[in-house]
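> Structure in C-alpha coordinates, see below.
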Amino acid sequence: DILQGGMGTCIKIRGFDSSFYALKIIHSSLLENETELKRYMEEMKTWLTLSACNGVVEAIVITRINEIPCIAAHWMQSGDLCKYVKTVNPYFFYHTFDRIITTLDWAFSKYSIIHRDLKPANILLDSNNDAFIADWGLARPISKPNNEQNFGMALSKMTNRVDLTQAGQFMGTIVYASPEQIMGLPNIDHRSDIYSLGCMMYEWETGELPFLAPTAQEIATLHLQVKPRKIG
(Lines give C-alpha, C1' and ligand atoms only; values in the text may rest on other atoms or scores of the structure.)
Protein backbone atom coordinates (compact mmCIF):
# COMPACT_ATOMS: atom_id res chain seq x y z
CA ASP A 1 0.00 0.00 0.00
CA ILE A 2 1.13 3.60 -0.64
CA LEU A 3 -0.01 6.58 1.44
CA GLN A 4 0.78 10.15 0.38
CA GLY A 5 1.61 12.85 2.95
CA GLY A 6 2.56 16.51 2.89
CA MET A 7 6.34 15.95 2.85
CA GLY A 8 6.74 12.31 1.98
CA THR A 9 5.32 8.97 0.95
CA CYS A 10 4.64 6.09 3.33
CA ILE A 11 4.96 2.64 1.76
CA LYS A 12 3.78 -0.59 3.39
CA ILE A 13 6.41 -3.28 2.85
CA ARG A 14 6.85 -6.92 3.87
CA GLY A 15 10.08 -7.97 5.54
CA PHE A 16 11.96 -11.27 5.19
CA ASP A 17 10.29 -12.33 8.45
CA SER A 18 6.85 -11.81 6.79
CA SER A 19 6.12 -8.92 9.17
CA PHE A 20 4.90 -5.62 7.74
CA TYR A 21 6.79 -2.35 8.07
CA ALA A 22 6.26 1.28 7.09
CA LEU A 23 8.91 2.93 4.93
CA LYS A 24 8.74 6.73 4.88
CA ILE A 25 10.47 8.46 1.95
CA ILE A 26 10.70 12.20 1.32
CA HIS A 27 9.09 13.50 -1.87
CA SER A 28 11.71 13.63 -4.62
CA SER A 29 10.57 17.19 -5.44
CA LEU A 30 11.80 18.31 -2.00
CA LEU A 31 15.29 16.80 -2.27
CA GLU A 32 16.64 19.94 -3.88
CA ASN A 33 14.99 22.17 -1.28
CA GLU A 34 17.66 22.53 1.40
CA THR A 35 15.19 23.76 4.05
CA GLU A 36 12.73 20.91 3.54
CA LEU A 37 15.47 18.28 3.35
CA LYS A 38 16.93 19.57 6.60
CA ARG A 39 13.48 19.50 8.21
CA TYR A 40 13.01 15.90 7.04
CA MET A 41 16.41 14.81 8.40
CA GLU A 42 15.61 16.47 11.73
CA GLU A 43 12.30 14.59 11.83
CA MET A 44 14.03 11.25 11.30
CA LYS A 45 16.58 11.93 14.07
CA THR A 46 13.86 13.12 16.46
CA TRP A 47 11.65 10.13 15.68
CA LEU A 48 14.52 7.68 16.21
CA THR A 49 15.35 9.28 19.58
CA LEU A 50 11.73 9.30 20.78
CA SER A 51 11.25 5.66 19.77
CA ALA A 52 12.57 4.74 23.20
CA CYS A 53 9.06 5.54 24.47
CA ASN A 54 6.40 2.83 24.24
CA GLY A 55 3.81 5.39 23.14
CA VAL A 56 5.71 6.39 19.98
CA VAL A 57 5.48 4.40 16.74
CA GLU A 58 8.88 2.72 16.83
CA ALA A 59 11.36 3.76 14.15
CA ILE A 60 13.81 0.95 13.48
CA VAL A 61 16.43 2.22 11.08
CA ILE A 62 17.44 5.21 8.95
CA THR A 63 18.77 4.15 5.56
CA ARG A 64 19.00 5.21 1.91
CA ILE A 65 17.30 3.79 -1.17
CA ASN A 66 18.74 5.05 -4.46
CA GLU A 67 20.50 7.72 -2.35
CA ILE A 68 17.15 8.98 -1.03
CA PRO A 69 17.03 9.09 2.80
CA CYS A 70 14.20 7.11 4.35
CA ILE A 71 13.17 5.60 7.68
CA ALA A 72 11.58 2.26 8.47
CA ALA A 73 9.12 1.68 11.32
CA HIS A 74 6.75 -0.99 12.57
CA TRP A 75 3.44 -1.10 10.68
CA MET A 76 0.40 -0.31 12.83
CA GLN A 77 -2.22 -2.92 11.91
CA SER A 78 -5.36 -1.06 13.00
CA GLY A 79 -4.70 2.14 11.04
CA ASP A 80 -5.18 5.61 12.46
CA LEU A 81 -7.66 7.14 14.88
CA CYS A 82 -9.78 8.86 12.20
CA LYS A 83 -12.17 5.94 11.78
CA TYR A 84 -12.65 5.60 15.54
CA VAL A 85 -13.51 9.19 16.54
CA LYS A 86 -17.23 8.43 16.35
CA THR A 87 -16.88 5.30 18.47
CA VAL A 88 -18.93 5.61 21.66
CA ASN A 89 -16.71 3.63 24.02
CA PRO A 90 -15.63 5.40 27.23
CA TYR A 91 -12.84 2.91 28.00
CA PHE A 92 -11.34 3.24 24.51
CA PHE A 93 -11.59 7.05 24.69
CA TYR A 94 -9.84 7.37 28.05
CA HIS A 95 -7.32 4.61 27.37
CA THR A 96 -6.34 6.27 24.08
CA PHE A 97 -5.92 9.76 25.51
CA ASP A 98 -4.10 8.40 28.55
CA ARG A 99 -1.49 6.88 26.23
CA ILE A 100 -1.27 10.02 24.07
CA ILE A 101 -0.90 12.40 27.01
CA THR A 102 1.56 10.16 28.87
CA THR A 103 3.71 9.93 25.73
CA LEU A 104 3.65 13.70 25.15
CA ASP A 105 4.55 14.25 28.79
CA TRP A 106 7.51 11.86 28.42
CA ALA A 107 8.78 13.63 25.28
CA PHE A 108 8.39 17.03 26.91
CA SER A 109 9.87 16.04 30.30
CA LYS A 110 12.84 14.16 28.88
CA TYR A 111 13.69 16.18 25.75
CA SER A 112 11.55 19.37 25.99
CA ILE A 113 10.04 18.35 22.63
CA ILE A 114 6.52 19.28 21.51
CA HIS A 115 4.72 17.62 18.58
CA ARG A 116 2.88 20.58 16.92
CA ASP A 117 0.77 18.45 14.55
CA LEU A 118 -1.51 16.37 16.76
CA LYS A 119 -4.57 15.04 14.92
CA PRO A 120 -6.39 11.69 14.63
CA ALA A 121 -4.46 10.83 11.45
CA ASN A 122 -1.19 10.97 13.43
CA ILE A 123 -2.41 8.59 16.14
CA LEU A 124 -1.87 5.01 14.99
CA LEU A 125 -3.24 1.83 16.54
CA ASP A 126 -1.68 -1.61 16.83
CA SER A 127 -3.50 -4.95 16.73
CA ASN A 128 -4.62 -4.42 20.35
CA ASN A 129 -5.97 -0.94 19.51
CA ASP A 130 -3.31 0.67 21.71
CA ALA A 131 -2.50 4.21 20.54
CA PHE A 132 0.93 5.35 19.35
CA ILE A 133 1.94 8.86 18.24
CA ALA A 134 3.39 9.12 14.72
CA ASP A 135 4.65 11.82 12.33
CA TRP A 136 7.09 13.94 14.32
CA GLY A 137 7.88 16.06 11.27
CA LEU A 138 7.04 19.37 12.99
CA ALA A 139 8.31 18.42 16.44
CA ARG A 140 10.99 20.62 17.93
CA PRO A 141 12.55 21.50 21.30
CA ILE A 142 10.76 24.44 22.91
CA SER A 143 14.13 26.15 23.39
CA LYS A 144 14.47 26.44 19.60
CA PRO A 145 12.88 29.68 18.31
CA ASN A 146 10.01 29.43 15.88
CA ASN A 147 11.21 31.06 12.65
CA GLU A 148 8.01 30.73 10.66
CA GLN A 149 6.14 33.59 9.04
CA ASN A 150 3.69 35.92 10.75
CA PHE A 151 -0.08 35.45 10.62
CA GLY A 152 -0.61 37.59 7.52
CA MET A 153 2.04 35.75 5.54
CA ALA A 154 0.73 32.39 6.78
CA LEU A 155 -2.78 33.19 5.58
CA SER A 156 -1.58 34.31 2.17
CA LYS A 157 0.33 31.04 1.65
CA MET A 158 -2.28 28.74 3.11
CA THR A 159 -3.91 26.25 0.79
CA ASN A 160 -7.49 25.06 1.17
CA ARG A 161 -6.46 21.50 2.01
CA VAL A 162 -7.42 21.72 5.67
CA ASP A 163 -6.48 18.10 6.39
CA LEU A 164 -2.81 18.04 5.38
CA THR A 165 0.41 19.35 6.85
CA GLN A 166 1.83 21.56 4.12
CA ALA A 167 5.51 21.44 3.27
CA GLY A 168 6.99 24.90 2.86
CA GLN A 169 3.75 26.66 3.81
CA PHE A 170 1.66 26.87 6.98
CA MET A 171 3.18 24.39 9.41
CA GLY A 172 0.45 22.26 10.91
CA THR A 173 -3.08 21.07 10.24
CA ILE A 174 -5.39 24.06 10.49
CA VAL A 175 -8.46 22.40 12.02
CA TYR A 176 -6.38 21.31 15.04
CA ALA A 177 -3.84 24.17 15.16
CA SER A 178 -3.44 26.42 18.19
CA PRO A 179 -3.83 30.21 17.84
CA GLU A 180 -0.15 30.80 18.65
CA GLN A 181 0.83 28.30 15.97
CA ILE A 182 -1.41 30.00 13.40
CA MET A 183 0.06 33.39 14.29
CA GLY A 184 3.63 32.07 14.03
CA LEU A 185 4.58 33.28 17.51
CA PRO A 186 8.28 32.80 18.33
CA ASN A 187 8.01 30.92 21.63
CA ILE A 188 5.40 28.19 21.18
CA ASP A 189 5.41 25.71 24.07
CA HIS A 190 3.56 22.59 25.26
CA ARG A 191 0.28 24.49 25.57
CA SER A 192 0.00 24.38 21.77
CA ASP A 193 -0.21 20.57 21.94
CA ILE A 194 -2.78 20.83 24.75
CA TYR A 195 -4.96 23.00 22.49
CA SER A 196 -4.73 20.44 19.68
CA LEU A 197 -5.65 17.67 22.13
CA GLY A 198 -8.67 19.76 23.12
CA CYS A 199 -9.75 19.96 19.47
CA MET A 200 -9.43 16.17 19.15
CA MET A 201 -11.44 15.57 22.34
CA TYR A 202 -14.11 18.02 21.19
CA GLU A 203 -14.42 16.20 17.86
CA TRP A 204 -14.67 12.79 19.52
CA GLU A 205 -17.27 14.03 22.03
CA THR A 206 -19.52 15.92 19.59
CA GLY A 207 -18.82 14.29 16.22
CA GLU A 208 -17.84 17.71 14.85
CA LEU A 209 -14.66 19.78 14.70
CA PRO A 210 -14.69 22.87 16.95
CA PHE A 211 -14.19 25.11 13.91
CA LEU A 212 -15.04 24.35 10.29
CA ALA A 213 -15.44 26.71 7.34
CA PRO A 214 -15.12 26.60 3.52
CA THR A 215 -11.50 27.78 3.49
CA ALA A 216 -8.41 27.30 5.61
CA GLN A 217 -8.13 31.07 6.01
CA GLU A 218 -11.61 31.25 7.54
CA ILE A 219 -10.87 28.37 9.90
CA ALA A 220 -7.69 30.13 11.05
CA THR A 221 -9.66 33.27 11.82
CA LEU A 222 -12.25 31.28 13.80
CA HIS A 223 -9.51 29.76 15.95
CA LEU A 224 -8.31 33.26 16.80
CA GLN A 225 -11.58 35.12 17.26
CA VAL A 226 -14.43 32.72 18.14
CA LYS A 227 -15.16 30.35 21.01
CA PRO A 228 -16.32 26.87 19.99
CA ARG A 229 -19.96 25.94 20.53
CA LYS A 230 -20.54 24.59 24.03
CA ILE A 231 -20.87 20.81 24.25
CA GLY A 232 -23.59 20.86 26.92
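> Check each of the chymotrypsin sites (Phe, Trp or Tyr not before Pro) in region 1-67 and keep only those in coil by DSSP with at most 14 other C-beta atoms within 10 angstrom; list them in order. Walk me through the intermediate numbers first.
Numbers: sites: F16, F20, Y21, Y40, W47; in loops: F16.
Loop-located and lightly packed - F16.
> Accessible area per residue, 1.4 Å probe, Å², for region 74-136: what's the number?
Working: 2990 Å² over 63 residues.
The answer is 47 Å² per residue.
> Let me ask you something else. Can you pull out the trypsin sites (Lys or Arg not before Pro) in region 67-146 whose DSSP state is coil and whose Cβ has at most 16 other Cβ atoms within 10 Å? If you can, show how the numbers build up before the last one.
Numbers: sites: K83, K86, R99, K110, R116; in loops: K86, R116.
Within region 67-146, the qualifying trypsin sites (Lys or Arg not before Pro) (loop, at most 16 other Cβ atoms within 10 Å) are K86.
> Another one. I'd like the accessible area for E34, computed on protein heavy atoms only with a 1.4 Å probe and all protein chains in place. Round to 10 Å², please.
150
> How compact and how long is region 1-108, expressed as Rg and Dmax of its alpha-carbon atoms in Å?
Radius of gyration, then largest Cα-Cα span, for region 1-108: 15.7, 47 Å.
> For T96, T63, T9, give the ranking by accessible area with the largest first, probe 1.4 Å.
Values: T96 0, T63 60, T9 25 Å².
Listed by decreasing accessible area, they come as T63, T9, T96.
> FRET efficiency for S109 and K45, Cβ-Cβ distance as r, R0 = 25 Å, nearest 0.05? Present the calculation step by step, with values, prior to reporting the outcome.
On the way: r = 19 Å, r/R0 = 0.77.
Working from the Cβ atoms, E equals 0.85.
> Can you list, largest first and rounded to whole Å, the semi-axes you get for region 187-232 by taking the square root of 5 times each eigenvalue of its Cα gyration tensor? Kindly include the intermediate steps, with their values, before the conclusion.
Details: eigenvalues 59, 51, 17 Å².
Equivalent ellipsoid semi-axes, largest first: 17, 16, 9 Å.
> Contour minus end-to-end for L31 and T206, with contour as 0.36 nm per residue of separation and end-to-end as the Cα-Cα distance? Before the final figure, lay out each step's value.
On the way: separation 175, 0.36 × 175 = 63.00 nm, distance 4.11 nm.
Here the answer is 58.9 nm.
> Shifting gears a bit: Can you give the local net charge around F20? Use residues other than it whose beta-carbon is closer than 9 angstrom to its beta-carbon, Lys and Arg +1, Asp and Glu -1. Walk me through the numbers before you get to the answer.
Numbers: positive: K12, R14; negative: none.
For residues surrounding F20, the net value is +2.
> Heavy-atom accessible area of D80 with all protein chains present, probe 1.4 Å, nearest 10 Å²?
About 50 Å², rounded to the nearest 10.
> Any chance you could get the radius of gyration and Dmax over the Cα atoms of region 26-85, in Å?
13.6, 39
> Once you treat every alpha carbon in region 67-135 as an equal point and sum by Debye, what is log10 I(q)/I(0) at q = 0.11, 0.21, 0.23 Å⁻¹?
Evaluating at q = 0.11, 0.21, 0.23 Å⁻¹ gives log10 I(q)/I(0) of -0.30, -0.95, -1.08.
The values are calculated or read from the model by the stated rules, or taken from the named source; none is laboratory data. Note that the structure is a prediction, hence the values are computed from the model and not measured. A quick note on method: Cβ atoms are made from the backbone with ideal geometry, for glycine too, and the neighbour counts reach across all protein chains shown. Accessible surface areas use protein heavy atoms only, side chains included; no ligands, DNA or RNA. Shrake-Rupley method; radii C 1.70, N 1.55, O 1.52, S 1.80 Å.
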